[in-house]
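Heads up: the structure comes next, in structure tokens.
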């Protein structure tokens with residue numbers, strides 16, 4: 001074990017505990033401060049100040065030390081966060097000249113400081129993080145738009161194959177692009193509105209469903225004053241928003257899904 005110089009008496013116990021843990025990790029790895037500087041990117045002189053309680057090590061230096069010493073960084077970083085709070089309460093900064101190599105109790109010869117970029121440029125670190133977060137958000141947004149475009153395009157192939165049939169359950173989007181357009185032939189029977197594509201009053205329709213039932217719902221939404229976009233039989237985002245609007249108006253559960261209650265509103269709705 002190294003013969004460490006006693007830590008300053010005025011150190012808060014949490015700061016004292018952090019530095020003792022860092023000293024143990026250094027001893028465990030049998031590293032000189034010069035070698036520690038090479039492995040972490042913080043100068044040997046900086047590590048001499050950190051390990052002798054003259055300066056609080058930055059978060060990145062603590063994390064680097066934990067990884068080198070084979071310890072869980074999360075536990076050491078939690079201790080560092082607590083220590084930093086107490087250090088900020090009136091602890092004087094270390095002198096500009098730092099302390100000499102002999103103060104460390106380990107090093108006998110002067111060393112040349114290495115760079116410590118995170119100590120000098122904290123703003124740059126936060127700026128890089130913000131730029132990266134923005135880039136990730138942009139990529140995710142573009143990916144979502146492309147995925148939706150592909151799914152809506154694929155839906156039209158399904159519509160072309162099913163244009164002459166009325167399935168028991170609605171299909172979902174799949175395969176190739178063939179545009180389909182429906183005509184709304186609105187008529188009222190027994191107090192209910194119909195558009196000529198389906199007489200259903202209870203089939204469940206949701207986002208990405210396709211078929212004549214969807215076209216029926218789109219016609220009824222347009223008649224009620226809630227535009228679903230093109231009458232193409234594709235339950236896309238505009239159709240979903242129109243469904244949510246009529247559900248909100250009629251005080252139904254606003255979930256964007258057409259069930260028996262929403263069909264009842266569509267069949268009986270008066271135009272806005």
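A short reminder: the numbers here are calculations on the coordinates, not readings from a lab. Predicted model, so just to flag it, every value in this text is computed and none were measured. Positions of Cβ are generated from backbone atoms using ideal geometry, with glycine treated the same way; all protein chains shown enter the neighbour counts.
Things to note:
- Length added when fully stretched, residue 131-residue 223, from 0.36 nm per residue minus Cα-Cα: 28.5 nm
- The fewest-to-most ranking of 81, 30 by surrounding Cβ atoms within 10 Å reads 30, 81.
- Applying 0.36 nm per residue to the separation of residue 264 and residue 192 and subtracting their alpha-carbon distance, the gain on full extension is 25.1 nm.
- Maximal additional length on extending the residue 9-residue 39 stretch stands at 7.8 nm, based on 0.36 nm per residue less the C-alpha distance.
- If you take the Cα centroid of region 37-93 and the Cα centroid of region 212-268, the two points sit 59 Å apart.
- Inter-probe distance in nm under a simple model that places probes 7 Å from Cα toward Cβ, at residue 59 and residue 250: 5.2
- Ranking of 132, 65 by neighbouring Cβ atoms within 10 Å, starting from the fewest: 132, 65.
- Per-residue Cβ neighbour rank within 10 angstrom, fewest leading, 190, 232, 250, 202: 190, 202, 250, 232
- The calculated pair-distance distribution of region 197-272 uses every alpha carbon pair, bins of 5 angstrom beginning at 0, and gives 3, 20, 34, 30, 12, 1 percent.
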